[in-house]
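A short reminder: the numbers here are calculations on the coordinates, not readings from a lab. What you are looking at is a predicted structure, and each value in this text was computed from that prediction instead of being measured. Neighbour counts run over all protein chains shown; Cβ positions are idealised from the backbone, glycine included.
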Amino acid sequence: MSYQIGKLINNETATLIIKNMKEWLAYKELQKVSQSKSTSTILVVSSNHFTRHYFKKALAGSNSVVRAVRNGEYALSAINSNAYDVVIMDDRLPDMSNMELLRNINAYCPEIPVIMITPCNHPKAVLDALKHGAFSFVPKPFRLEFILRTVKEAMSYRAIVEEYVAEYVMPCEGGASIPGTDETPT
């Protein structure tokens, strides 16, 4: 069957079809993860209007509420007032460095996976981002399929963290011992 299809279309068209199929499959996988919760919330932080619009459109149909802000101050304000499952952060922000915003997010809400998108894929930059709490580091240019898979993984990670907290951390309230220690919270 694929041989017959190959006769009907050229290689460039076949490549485009395969790319679109991969993006569609990644999108469907993201929908499955999103549907396990009633609605997932994603915060996109980018100074570029096109990037914000691109992510809102790409992630909108995945049973996700996507909010996009243009700088670090707005991102911190959004995180302070709403619960987000995932943060996608672009490389250049007008008011603070992306590393500074990453540190602030992790200081306030360490359970939120932060996906950093940047044109720099230097190993030191990747290690610094991961060391400061980034969930994933996506170099530009990226493919939508890769971003969708990364968001799916981040949402799965977030679900695991929430499950762990509910099972092991929340029972510590009210005098139970802290898991793995002999301590009782005060």
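A simple rule links phi to the HN-Hα coupling: the Karplus curve 6.51 cos²θ - 1.76 cosθ + 1.60 with θ = phi - 60°, which for the range 145-159 gives 4, 5, 5, 4, 5, 5, 5, 4, 5, 5, 5, 5, 4, 4, 5 Hz, with x for Gly and Pro. Couplings 3J(HN,Hα) for the range 40-50, derived from phi with the Karplus relation 6.51 cos²θ - 1.76 cosθ + 1.60 (θ = phi - 60°), are 9, 10, 10, 10, 10, 10, 7, 7, 8, 4, 4 Hz, where x marks Gly and Pro. Using the Cβ-Cβ distance between Lys140 and Ala83 with R0 set to 35 Å, the FRET efficiency from 1/(1 + (r/R0)^6) comes to roughly 0.80. With the Cα gyration tensor of the range 129-169 giving a ≥ b ≥ c as the square roots of its eigenvalues, does the rule (a/c under 1.5 for rounded; else a/b larger than b/c for prolate; else oblate) give rounded, prolate or oblate? Here the range 129-169 falls in the oblate category. Amide H contacts of Ser47: Arg92, each under 5 Å away and 5 or more positions distant or on a separate chain (H built 1.01 Å from N in the peptide plane; Pro and chain starts excluded). One Cα centroid belongs to the range 135-149, the other to the range 43-85; the line between them spans 16 Å. Residue pairs exceeding 25 angstrom between C-alpha atoms, taken from Lys131/Lys152; Lys57/Lys131; Lys57/Lys152; Lys56/Lys124: Lys57/Lys131; Lys56/Lys124.
Can you find, among Asn63, Ser81, Ala107, the residue farthest towards the positive end of the dipole of the range 49-150? Put +1 on the C-beta of Lys and Arg, -1 on that of Asp and Glu. It is Asn63.
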